[in-house]
Amino acid sequence: MILSSTSGTTFNLRRFIVRYGVYISLGVLLCVAVLITPNLYSSQTLTVLLKQSAQLGLIAIGQTLVLLVAGLDLSVGSVIFLTSVVIARVSNGDDALLPLSIGLSFVLSVVIGLANGLLITKRKIPPFVATLAIFILVQGAVQAYTRGVPGGFVPDGLSIVNQSVGFISIPVVLWLGLTAIFAFVLRNTAYGRRLYAVGSNPVTARLSGLNVDGFKLSAYVLCSSMACVAGVVLTGYVGYVDRFIASGLDLDAIAAAVVGGTLFTGGRGSVLGTFAGVLLIQVLSTMALLLGLSIQTQFIIKGVVILAAVALYSLARAD
């Protein structure tokens with residue numbers, strides 16, 4: 001009887017860690033920041049922190065979707081770079097052509113998402129290999145098109161993403177809104193429940209009549225589309241075309257999703273957990289900058305946090 005009770009308590013503790021571990025960790029980190037980096041809470045720092053979190057968060061939403069179906073997308077960086085180049089080249093600084101350039105960027109991102117999904121579902125290529133190949137292909141195509149010198153001008157109208165009211169800016173509102181939408185879709189719609197089913201056990205899902213390949217394909221298209229949205233935001237934020245515009249953000253987005261509780265094996269995770277994971281990583285990075293730590297130390301800290309999160313979730317789910 002005591003053994004049964006103890007087991008029940010252990011199970012509840014594990015479930016608590018899995019569901020709320022990232023939120024507790026974020027809360028503890030914010031409390032620690034009050035003591036060692038009080039400048040984190042200055043108006044200027046918070047504004048920049050939230051803008052950068054929004055840029056990372058938009059990409060992380062898409063990565064969460066593909067991770068839920070046991071996938072991975074390494075091509076998002078190329079989508080962001082392509083979006084930046086298309087906006088600058090097509091509009092060439094003309095605000096009137098901005099909608100056209102954004103629309104074309106979106107169409108191209110959908111094509112890239114379809115290419116990723118088809119390679120994975122129809123040709124059975126592992127997600128890592130397929131999306132890495134698409135990343136290299138798109139990067140090479142853009143470099144060939146621009147001849148290694150990305151040109152054009154970013155329209156002034158896109159600089160609206162830099163405007164803020166207090167701590168809130170358009171990228172932050174966009175991030176909050178899309179997080180809320182996808183959280184609702186995943187939790188309360190048939191599509192969301194079936195996406196989890198496909199990631200949890202694709203064989204069972206297929207035997208249940210679900211179009212497993214179709215759901216995986218949709219996840220990659222949505223991920224690529226979210227990268228396009230992030231590309232528009234980043235292009236307006238930077239104000240010019242930079243081939244390194246998405247440097248590190250693709251891997252940070254995966255890290256944020258994993259820290260937030262999304263499993264590489266699929267079927268477990270949420271965009272709300274990813275939201276907290278993004279804030280955790282961004283707050284940690286900002287604290288490291290305020291403390292004057294070297295970039296090498298920052299990488300070490302980030303790596304330790306990711307390893308700790310993975311180890312914690314693994315232990316919590318252990319039988």
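The values are calculated or read from the model by the stated rules, or taken from the named source; none is laboratory data. Bear in mind the structure is a predicted one, so any value in this text is a computation, not a measurement. Note that each Cβ is placed from the backbone with ideal geometry, even for glycine, and that neighbours are counted across all protein chains shown.
Those residues that are farther than 17 Å from Ala60 by Cα and either polar (S, T, N, Q) or in contact with a Leu (Cβ under 7 Å, 6 or more places away or on another chain) (or both), I need them from region 161-186; list them, please. If the condition is that a residue be farther than 17 Å from Ala60 by Cα and either polar (S, T, N, Q) or in contact with a Leu (Cβ under 7 Å, 6 or more places away or on another chain) (or both), then Asn162, Gln163, Ser164, Phe167, Ser169 are the ones that fit. Taken over region 220-244, the residue count meeting the criterion of being more than 13 Å from the chain's Cα centre (by Cα) and part of a helix (DSSP H, G or I) is 8. Checking the stated criteria, Ile87 turns out to be assigned to a helix (DSSP H, G or I), farther than 21 Å from Gly166 by Cβ and at pLDDT 95 or above. Restricting attention to region 145-199, the residues being exposed (fewer than 13 other Cβ atoms within 10 Å of the Cβ), at pLDDT below 90 and polar (S, T, N, Q) number 1.
May I ask you to verify whether Leu210 is of a type outside the set (Lys, Arg) and under 20 Å from Ile125 (Cβ atoms)? So Leu210 fails the test.
Per the conditions (1) surrounded by fewer than 17 Cβ atoms within 10 Å (Cβ to Cβ); (2) under 14 Å from Tyr220 (Cβ atoms), the sole criterion not satisfied by Thr121 is (1). Residues of region 245-267 that are without any contact (Cβ under 8 Å) to a residue 24 or more places away in the chain and assigned to a loop (DSSP other than H, G, I, E, B): Gly248 alone. Scanning region 168-211 for residues that are in contact (Cβ under 8 Å) with a residue 12 or more places away in the chain, over 14 Å from Thr274 (Cβ atoms) and out of contact with any helix residue (DSSP H, G or I) (no Cβ under 8 Å at 6 or more places or on another chain) gives Ser200, Asn201. Can you work out which of the residues in region 144-165 that are more than 24 Å from the chain's Cα centre (by Cα) and free of Cβ contacts under 8 Å to residues at least 60 places away in the same chain is nearest to Phe275 (Cα to Cα)? If we take residues in region 144-165 being more than 24 Å from the chain's Cα centre (by Cα) and free of Cβ contacts under 8 Å to residues at least 60 places away in the same chain, then Val165 is nearest to Phe275 (Cα to Cα).
Check Gln296, Gln282 and return the single one that is over 21 Å from the mean Cα position of the chain (by Cα) and of a type outside the set (Asp, Glu).
Gln296
Only one of the numbered conditions (1) under 14 Å from Gly57 (Cβ atoms); (2) modelled with pLDDT under 90; (3) of a type in the set (Phe, Trp, Tyr) is violated by Tyr313, and that is (1).
Does Phe275 satisfy the criteria of being closer than 13 Å to Leu58 by Cα, aromatic (Phe, Trp, Tyr) and not in a loop (DSSP other than H, G, I, E, B)? Step through it out loud before you land on a result.
Numbers: closer than 13 Å to Leu58 by Cα: yes; aromatic (Phe, Trp, Tyr): yes; not in a loop (DSSP other than H, G, I, E, B): yes.
In short, yes.
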